[in-house]
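Working notes for the structure below.
The values are calculated or read from the model by the stated rules, or taken from the named source; none is laboratory data. Values in this document were obtained by computation on a predicted structure and should not be read as measured data. All Cβ positions, glycine included, derive from the backbone under ideal geometry; neighbour counts span all protein chains shown. Please note that ligands, DNA and RNA were not included when accessible areas were found on the heavy atoms of the full protein model with its side chains. Shrake-Rupley method; radii C 1.70, N 1.55, O 1.52, S 1.80 Å.
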Amino acid sequence: MLLIQRHAPYQGQKAKSLLDIALVAAAFEHQPAMLFLGDGVYQLLTSKKLDTLSGFYPKGVQSTLTALPLYDIDTFYVDAEALNARQLAPDALSLPVTLLEPQQIRQLVRDTSWVITL
Amino acid sequence: MKVLHAYAWNIPKWSLGFKAMTKADSTSSPPVLSSIIEPHLDPEGYLLDLSLWNEAIAHQLAQRENIQLTSKHMQILHLARKFQQAYEVSPATRPLAKYIQIHLSPEVSASIYLMQLFGGEAPAKRVCRLAGLPKPTNCL
């Protein structure tokens, strides 16, 4: 099973919903791999944007993502091009990831029987 | 519900009516103000206002479930709260067990330890309830 995150952490509820799917899958003894594409790579940054109106840090997916290894989910792929385009270094990310080139991403999706994205 | 004995409040004992207890009746948990106020709970027994939580409330919640909390229980409750603070999600049983294993006891099986302390079925639910955390959504 492969879950593809394509959205920035505060871009609607999609990142959160897909993360919930991962947690539910883990409860049913499935350990999906996760692939971060495009703006989805921003989910792997730990820094949060302070909401200047409320003075609180909004609840995002970033903290919960780092708990996934405790749920036995520990395969994380990242689109290398997306990372480059945003000038992010792999070691700035909150989880140990495998970088994939576009060709490898196509191969991964082709080889996976269940792919979920929102 | 426990009621403080009247002279702790400097008010006449009769004013508490039939609910007044004698000193001999009071149990081991510390006589603090919160122990005479029933906290508001949802139908499943979780605190409605999570910010109210403290150790005295935990003792009180445990009493409702006929558990006597020891320091070992309390250690787990605090760990569960730490988990929730770090990851912004209430722990399900397996991740909580892993977390305990990492932070407390690499050598013993944390899931068996959890079940011994908090009962067999879905111990994480009870842990979250007593620790003043939201119900774990993905816990079976």
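The residue that is modelled with the highest pLDDT, among those in region A:42-72 that are within 13 Å of chain B (Cβ to nearest Cβ) and open to solvent by 80 Å² or more (accessible area, probe 1.4 Å), is A:46.
Among the residues of region B:38-63, those identified as under 10 Å from the mean Cα position of the chain (by Cα) and either surrounded by fewer than 13 Cβ atoms within 10 Å (Cβ to Cβ) or among the polar types (S, T, N, Q) (or both) are B:54, B:60, B:63. Being at pLDDT below 95, more than 12 Å from chain B (Cβ to nearest Cβ), under 13 Å from the mean Cα position of the chain (by Cα) and more than 18 Å from residue B:86 (Cβ to Cβ) holds for only one residue in A:8, A:89, A:33, and it is A:8.
Hey, does region A:76-86 have a residue that's out of contact with any Cys (no Cβ under 7 Å at 6 or more places or on another chain), of a type in the set (Asp, Glu) and modelled with pLDDT of 90 or more? Looking through region A:76-86, at least one residue is out of contact with any Cys (no Cβ under 7 Å at 6 or more places or on another chain), of a type in the set (Asp, Glu) and modelled with pLDDT of 90 or more.
More than 14 Å from chain A (Cβ to nearest Cβ), buried (at least 16 other Cβ atoms within 10 Å of the Cβ) and part of a loop (DSSP other than H, G, I, E, B): is that true of residue B:120 in this structure? For residue B:120, the condition - more than 14 Å from chain A (Cβ to nearest Cβ), buried (at least 16 other Cβ atoms within 10 Å of the Cβ) and part of a loop (DSSP other than H, G, I, E, B) - is not met.
Residues of region B:45-85 that are in contact with a helix residue (DSSP H, G or I) (Cβ under 7 Å, 6 or more places away or on another chain) and within 14 Å of chain A (Cβ to nearest Cβ): B:79, B:80, B:83.
Is one or more of the residues making up region B:66-74 among the polar types (S, T, N, Q) and crowded, with 20+ Cβ neighbours inside 10 Å? No, region B:66-74 contains no residue that is among the polar types (S, T, N, Q) and crowded, with 20+ Cβ neighbours inside 10 Å. Is there a residue in region B:128-136 that is part of a helix (DSSP H, G or I) and of a type outside the set (A, V, I, L, M, F, W, C)? Yes: region B:128-136 contains one or more residues that are part of a helix (DSSP H, G or I) and of a type outside the set (A, V, I, L, M, F, W, C).
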